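Participant: Here it is, the structure, as structure tokens.
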Amino acid sequence: MAYDEDLADRIRELLADESALTEKKMFGGLAFLIRGHMAVAASGQGGVLVRVDPAKSERLLETTDARPMEMRGREMLGWLRVDSDAIQTKRQLAKWVGLGTTYARTLPAK
């Protein structure tokens with residue numbers, strides 16, 4: 001399944017003022033990187049992938065509809081998958097884009 005181009009446009013709109021933003025096809029979707037680090041991606045499996053502070057992952061999993069991202073059968077700490085149903089409104093999507101960009105900005109530039 002290809003990523004949702006309308007979702008990518010919605011993410012792009014939220015990140016319009018972000019400096020050092022690049023886009024890259026990865027994980028079967030379209031990732032939005034800040035200073036070389038993925039913040040959020042329109043997933044090829046639907047919804048978004050969000051990179052968050054690993055120290056906050058458990059709390060987000062407990063208090064939201066997010067689930068852990070799995071790669072090769074292993075849960076990836078600090079990487080969350082959010083289904084399309086949970087990001088239908090601008091406000092819902094902005095929350096996750098904000099979490100991803102906030103964390104990406106804390107990482108050293110690549």
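Just so it is clear, none of the values below were taken in a lab; they were calculated from the coordinates. This one's a predicted model, so the numbers in the text were calculated from it and none came from an experiment. Note that each Cβ is placed from the backbone with ideal geometry, even for glycine, and that neighbours are counted across all protein chains shown.
Participant: Going by amide H atoms built from the backbone, whose H comes under 5 Å of the H on TRP79, apart from near neighbours?
Facilitator: Under 5 Å from the amide H of TRP79 lie the amide H atoms of VAL52, MET69, each far enough along the sequence or on another chain.
Participant: Ok, one more. Dipole of the chain (Lys/Arg Cβ +1, Asp/Glu Cβ -1, origin at the Cα centre): which of ILE34, LEU99, VAL50 lies farthest to the positive side?
Facilitator: ILE34
Participant: With a 10 Å cut-off between alpha carbons and a GNM built on the chain, which of GLY46, GLY28, GLY100 moves the most?
Facilitator: In the Gaussian network model the winner is GLY28.
Participant: Now, a different point. Might you report the magnitude of the Cβ-based charge dipole of the chain about its Cα centre, with Lys and Arg at +1 and Asp and Glu at -1, to the nearest 20 debye?
Facilitator: Values: 17 positive and 16 negative charges, 85 e Å.
With only Lys, Arg, Asp and Glu charged at Cβ, the dipole is about 400 debye.
Participant: Further question on the same structure: Among MET26, MET71, MET38, which one moves the most in a GNM of the chain with springs linking Cα atoms closer than 10 Å?
Facilitator: Result: MET71 has the largest fluctuation of those listed.
Participant: Among all the lysines, which ones have a C-alpha under 18 Å from LYS56's C-alpha, if same-chain residues fewer than 8 places away are not counted?
Facilitator: LYS95
Participant: To continue, here is another question. I'm spelling it out carefully: the read-out is Rg and Dmax of the Cα atoms in Å, the candidates are (i) 14.8, 47; (ii) 12.6, 36; (iii) 13.8, 41, and one was derived from this structure. Which label?
Facilitator: Given (i) 14.8, 47; (ii) 12.6, 36; (iii) 13.8, 41, the calculated one carries the label (ii).
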